[in-house]
Amino acid sequence: MDEREATEVETEEEEEEEEVKPEKWKKHYSSRHRILLVGEGDFSFSLCLARAFGSAQNLVATSLDSQGECTVLITRSKTFRFPSIAVVLSSMTGWIVCNVLSFGMVAHAEVIAKKYSNGIGNVRELEDRGCIVLFGVDAKAMSQHFFLKTQRFDRIVYNFPHVGFLYKEDSCLQIQLNKRLVKGFLANAKALVKKEGGEIHVSHKEGDPYDKWDLVKKAEKRGLVLGQAVPFSKDDYPGYANKRAHGKVPDASFPLGDCTTYKFMLKTSI
């Protein structure tokens, strides 16, 4: 390699270094983390992170859409690191897979629009910032999702898991259903979190009846350990709106009271 070629290589390396964006943090989350957000309501938590980072290219935001007839993976970003694809699951026809090249939203998330006043607007902004948005993702089975099972994440976040208000909040049936949800989520998150340095975050209300969910015990039984438990404050996430998601007023918020973010890790990672 002559002197001119060596100079050109050095210049290219310097340009690449200049293109590396500075790391930005929002509380526990870094712009360099690959983050999976589970059980998003109106996607306001995901959007809070995206705005703080200045980009959503490392975010995958998911929501459970149990009322729609199809689920859609949506991305319009030309710069996202993964191929832009759309996948439609019809209860009648099964999987239909098609490649798209940034043609925009493949289908409208009608359920999100009906349930949340800001849902569609938040989703569109996330897309524009480079986020992959997945509808119809069951937290209890997400490790088998066609896309998610190919990925590994630095952080997996589930804020205030809840099956919906089927019974009284302190009834045995309601508690058992919520415990089943948490158990299924933890088992699936374990399969998707990175072995080295990966963390699974669950933000959870404190006190009765939420203490009866046995969150930490459920995690330990699935090969996870509690690394840290820190107070959760909604004020740390500007724009985040916790939603009921179920019942007659899904767009309404619910009182949080004392809450904690539990950070779990794989036993092999400590």
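The values are calculated or read from the model by the stated rules, or taken from the named source; none is laboratory data. Remember, it's a predicted structure, so these values are computed and weren't measured experimentally. Here Cβ is always computed from backbone atoms with ideal geometry, including for glycine, and neighbour counts include all displayed protein chains. The accessibility values were calculated without ligands, DNA or RNA, using every heavy atom of the protein model including side chains. Shrake-Rupley method; radii C 1.70, N 1.55, O 1.52, S 1.80 Å.
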By residue number, the members of the range 195-217 that are more than 14 Å from LYS267 (Cβ to Cβ), of a type outside the set (A, V, I, L, M, F, W, C) and in contact (Cβ under 8 Å) with a residue 12 or more places away in the chain are HIS201, SER203, HIS204, LYS205, GLU206, GLY207, ASP208, PRO209, LYS212, ASP214
Somewhere in the range 122-134, is a residue over 23 Å from LYS26 (Cα atoms) and in contact with a helix residue (DSSP H, G or I) (Cβ under 8 Å, 6 or more places away or on another chain)?
-> no
Do you know which residues across the range 192-232 are in a loop (DSSP other than H, G, I, E, B), open to solvent by less than 40 Å² (accessible area, probe 1.4 Å) and under 30 Å from ILE112 (Cβ atoms)?
-> GLY198, PRO209, PHE232
Of the residues in the range 164-178, how many are surrounded by fewer than 18 Cβ atoms within 10 Å (Cβ to Cβ), under 27 Å from SER44 (Cβ atoms) and in contact with a helix residue (DSSP H, G or I) (Cβ under 7 Å, 6 or more places away or on another chain)?
-> 1
